[in-house]
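Some notes on the structure that comes next.
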Amino acid sequence: MVQRARRGVVFTGAGISTECGIPDFRSPGGFWTRYKPIEFSDFLASAETRLEAWRRFLVIRETIAGAAPGAGHRAVADLVRRGHVARVITQNIDGLHEAAGIPRERIIEIHGNGTYAHCLACGCRHEIDWVKEEIARKEKPPACTSCGGIVKSATISFGQAMPEQEMADARAATLNADLFLAIGSSLQVFPAAGFPVMAKQNRTPLVIVNREETGLDGLADLVIRRDIGEVLAALVARIESR
Ligand code: NAD
């Protein structure tokens, strides 16, 4: 199926990055389960909540900053280079698809990017290291140096509107796909999980690679319930040998 594909879409979730030391959303003991997610409206409503959100984010960021792409990311990059995969839609905020060498314009980050921050009012970019210093110095959440607005990591929080352009791009890529591979996502977070559903409705073959059952296994043409790095590395090796 992959070898025949020319406009494939790879849709990834946190599971592709666990081999890089970044816990997925639901793994017990991971930082994502230790804290209840902070809703976007609460982030906006109080400086105290913003400070807490930033403190939690900085813990997560330490892990992300130390991570390098794994076998799964490298294999996806290989499928892009070989022309089987046209776009990668990711729910991840870790930037590891880009770090694996996939050109920026082929990646659609529907939940944003955690490697930098931005002002919610004027959009001005701020570096996370600057945020860290500001918090250490002032014990207050950072304010934009250009306009004084609220600064937030460039990720999409629960309750925050999805980014319009990225959602439109992901929709277009999904409708254009000749194969849809959903990798390392429990497929429970909507609207993201709507893309594999959309692909299937458009009669595009759907393959799911995830070590546990997902919310959409019943829809898929093929479900591979095994380790992502292992499966994708074997796939690339097989393509190479032909
Ligand atoms: P999820 O945690 O709901 O699902 C991840 C799935 O991957 C799980 O079903 C798990 O069994 C599977 N998995 C983990 N490691 C695997 C491996 N090595 N091989 C095979 N399967 C494996 O994640 P989600 O569906 O992406 O939703 C979580 C949300 O949280 C996302 O929206 C994302 O924005 C955010 N998040 C991002 C990161 C990141 O950027 N790396 C990490 C955690 C959470």
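Any read-out appearing in this document is the output of simple, stated calculations on the displayed coordinates, not a laboratory observation. Everything numeric here is computed off the predicted structure, so don't read it as measured data. Methodologically, a virtual Cβ is constructed for each residue, glycine included, from the backbone with ideal geometry; neighbour enumeration extends over all protein chains shown.
Is there a quick way to get the dipole size of the range 1-158? I mean about its Cα centre, with the Cβ of Lys and Arg at +1 and of Asp and Glu at -1; what is the value in debye to the nearest 20? Mind showing how you got there, number by number?
Values: 22 positive and 17 negative charges, 113 e Å.
The calculation lands at about 540 debye.
When only C-alpha pairs under 8 Å and at least 6 residues apart count, what is the relative contact order of the range 156-222, in percent? Intermediate values should be presented prior to the final figure.
Numbers: 73 pairs, mean separation 21.3, N = 67.
Relative contact order for the range 156-222 comes out at 32 percent.
Mind checking the log10 I(q)/I(0) for the range 179-242 at q = 0.21, 0.23 Å⁻¹? Debye, one equal scatterer per Cα, no solvent, two decimals.
-0.82, -0.94
What do the square roots of 5 times the Cα gyration tensor eigenvalues come to for the chain, in whole Å, largest first, as semi-axes of the equivalent ellipsoid?
Numbers: eigenvalues 219, 63, 57 Å².
Semi-axes, largest first: 33, 18, 17 Å.
I'd like to know how the range 33-155 sits against the 2.2 N^0.38 Å rule of thumb: what's its Cα Rg over that expected value?
Details: Rg = 16.2 Å, N = 123, 2.2 N^0.38 = 13.7 Å.
Relative to the 2.2 N^0.38 Å estimate, the range 33-155 comes out at 1.19.
Determine which aspartates and glutamates satisfy two conditions relative to residue 132: a Cα distance under 14 Å, and not lying fewer than 8 residues away in the same chain.
Leaving aside aspartates and glutamates fewer than 8 places away in the same chain, those within reach of residue 132 are 52, 62.
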